[in-house]
Amino acid sequence: MVAIVAVLSGCVSNPGWLAASGPTRAKVSSGVSNIQASIQVVTISDAVARRVVDAGDHDQFSTAFGDKAPVGFIVGAGDVLEVSVWEAPPAVLFGTLAIDAGGTLGTSRQTTIPEQMVAQDGTISVPFCGSVPVAGRSSQQIQADIVTCLQGKANQPQVLVRVTHNATSNVTVVGEVGQSLRMPLTAKGERVLDALAAAGGTRNPVDKTSIQLTRGGDVLGMPLARVIRDPKQNVVLQPGDVMTALFQSNSFTALGASGRNDEINFEAQGISLAQAMGRMGGLVDTRADARGVFIFRFENPAALPDGGKGLPRTPEGRVPVVYQADLKDPATFLVAQDFPVRDKDVIYVANAGAADLFKFLNVLTSSVYTIAVFKNLQF
């Protein structure tokens, strides 16, 4: 009995042996201050929330890709072309003898060259011209080149070039759509929603779907609802674009003294900090420090007052930031309704300083109860 009391007395003086679910607010703040040069801590306020929302507005199709004019059809390797040549009488090169219905011998003035696939070197073969470069040129430009080549050889030649199979000027649509496809582009200038409609629309609700557009090395996603609501985001597609429809692709991770520690998915249009707190089960009253709710994020530098000057950046140009919310301040609950939670955020609720004491008292109570039971045992 004396030994047990002695052990418990030692625990009171040094409760560090008790398990903890994470650091306290003071430990988080002190830990971040030690690396202040590389991570910025920002207290959430109305001005901060507005700045973060404005910075998010830069991540949109109209800014990243612009609303470029339709490029028309440009021939590339793999396309199949049909070339027809007309020659004024007397046709010398492309004319053929023919007998009309009245039995009169005449000359046919039009010849169609068999379809050809554009070679890997970007050329096709045309009689009396040899190899003609066509890759990277429009049908009208190819027609003019062939006419120029035939001048002085054929009698007043006229040429028509027709693309019979489009293999290069396409947009690929994949993901949560009715049917994945490669949609050919035309001079009309097809847009994001045109491609989505051609693929049979989305298989999930609009507010839970995001559209990711890949063009070259640039990749950007936006909520489908916003693309529909804002015509400027319905940008003109370019050859080679890849459009992917994603279902609930966003998530944040909840850790610490919250009701639920988990990776939690959320809708494409995004959620606020207040909504995120509700989905993670709020704060655990007996453990949480309401002044120590932290959001760890790689942020757009435009969200910081100084543009993230001097801070390290990821390959995507983001800077590490820790936002702190003080839920002891009633005004924070109003700001939390506007502060956006981003994809891949980590929300950590710090332990209160008294949490270790509560754990110790629970251990002490259970130990005293065990001793009482032990004394009542009859041997």
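The values are calculated or read from the model by the stated rules, or taken from the named source; none is laboratory data. Keep in mind it's a predicted model, so treat the numbers as computed, not measured. Because the Cβ atoms are built from the backbone with ideal geometry, glycine has one as well, and the counts that use them run over all protein chains shown.
When residue 138 is evaluated against the numbered criteria (1) touching a Ser or Thr at 6+ places or on another chain (Cβ under 9 Å); (2) among the small types (Gly, Ala, Ser); (3) outside the structural domain of residue 240 (by TED's automatic domain parsing), which criterion, by number, is the only one it fails?
(1)
Filter segment 126-139 down to the residues that are exposed (fewer than 14 other Cβ atoms within 10 Å of the Cβ) and either at pLDDT below 90 or not in a strand (DSSP E or B) (or both) and list them by number.
Scanning segment 126-139 gives 128, 136.
When residues of segment 164-189 are filtered for being in contact with a strand residue (DSSP E or B) (Cβ under 7 Å, 6 or more places away or on another chain), surrounded by 15 or more Cβ atoms within 10 Å (Cβ to Cβ) and not in a strand (DSSP E or B), how many remain?
5
Go through segment 146-163 and report how many residues are surrounded by fewer than 18 Cβ atoms within 10 Å (Cβ to Cβ) and at pLDDT 90 or above.
So the count comes out to 7.
What residue, among those in segment 291-310 that are crowded, with 20+ Cβ neighbours inside 10 Å and not in a strand (DSSP E or B), is modelled with the lowest pLDDT?
So, considering only residues that are crowded, with 20+ Cβ neighbours inside 10 Å and not in a strand (DSSP E or B), the one modelled with the lowest pLDDT is 308.
As an exercise: evaluate residue 242 against (1) within 16 Å of the chain's Cα centre (by Cα); (2) surrounded by 18 or more Cβ atoms within 10 Å (Cβ to Cβ) and give the number of the one condition it does not meet.
Status for residue 242: all satisfied but (2).
Which of the residues that make up segment 207-246 are touching a residue at least 24 places away in the same chain (Cβ under 8 Å), in a helix (DSSP H, G or I) and of a type in the set (Lys, Arg)?
208, 226, 232 - these are the residues of segment 207-246 that are touching a residue at least 24 places away in the same chain (Cβ under 8 Å), in a helix (DSSP H, G or I) and of a type in the set (Lys, Arg).
Please return the ranges of strands (runs of 3 or more DSSP E) entirely within segment 8-123 where 3 or more residues are in contact with a strand residue (DSSP E or B) (Cβ under 8 Å, 6 or more places away or on another chain) and either modelled with pLDDT of 85 or more or small (Gly, Ala, Ser) (or both).
On the way: elements: 40-43, 80-86, 96-99, 105-108, 110-117.
In segment 8-123, the matching strands (runs of 3 or more DSSP E) lie at 40-43, 80-86, 110-117.
Okay, residues lined up against (1) out of contact with any helix residue (DSSP H, G or I) (no Cβ under 6 Å at 6 or more places or on another chain); (2) surrounded by 16 or more Cβ atoms within 10 Å (Cβ to Cβ); (3) modelled with pLDDT of 90 or more:
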| site | (1), (2), (3) |
| --- | --- |
| 235 | no, yes, yes |
| 249 | yes, yes, no |
| 262 | yes, no, yes |
| 273 | no, yes, yes |
| 315 | yes, no, no |
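Could you list, in sequence order, all residues of segment 313-340 that are in contact with a Gly (Cβ under 8 Å, 6 or more places away or on another chain) and within 18 Å of residue 220 (Cβ to Cβ)?
Answer for segment 313-340, where residues must be in contact with a Gly (Cβ under 8 Å, 6 or more places away or on another chain) and within 18 Å of residue 220 (Cβ to Cβ): just 340.
For segment 140-163, which residues satisfy the criterion of being out of contact with any Phe, Trp or Tyr (no Cβ under 7 Å at 6 or more places or on another chain) and part of a helix (DSSP H, G or I)?
Within segment 140-163, 140, 141, 142, 143, 144, 145, 146, 147, 148, 149 meet the criteria.
Name every residue in segment 317-333 that is surrounded by 12 or more Cβ atoms within 10 Å (Cβ to Cβ) and either touching a residue at least 40 places away in the same chain (Cβ under 8 Å) or within 22 Å of residue 59 (Cα to Cα) (or both), in order of residue number.
Initial filter on segment 317-333 (surrounded by 12 or more Cβ atoms within 10 Å (Cβ to Cβ)): 318-327, 329, 332-333.
Matches in segment 317-333: 318, 319, 320, 321, 322, 323, 324, 325, 326, 327, 332, 333.
Every residue in segment 190-203 that is farther than 11 Å from residue 242 by Cα and either among the small types (Gly, Ala, Ser) or buried (at least 16 other Cβ atoms within 10 Å of the Cβ) (or both), please.
Residues satisfying the conditions are 190, 191, 193, 194, 196, 197, 198, 199, 200, 201, 202.
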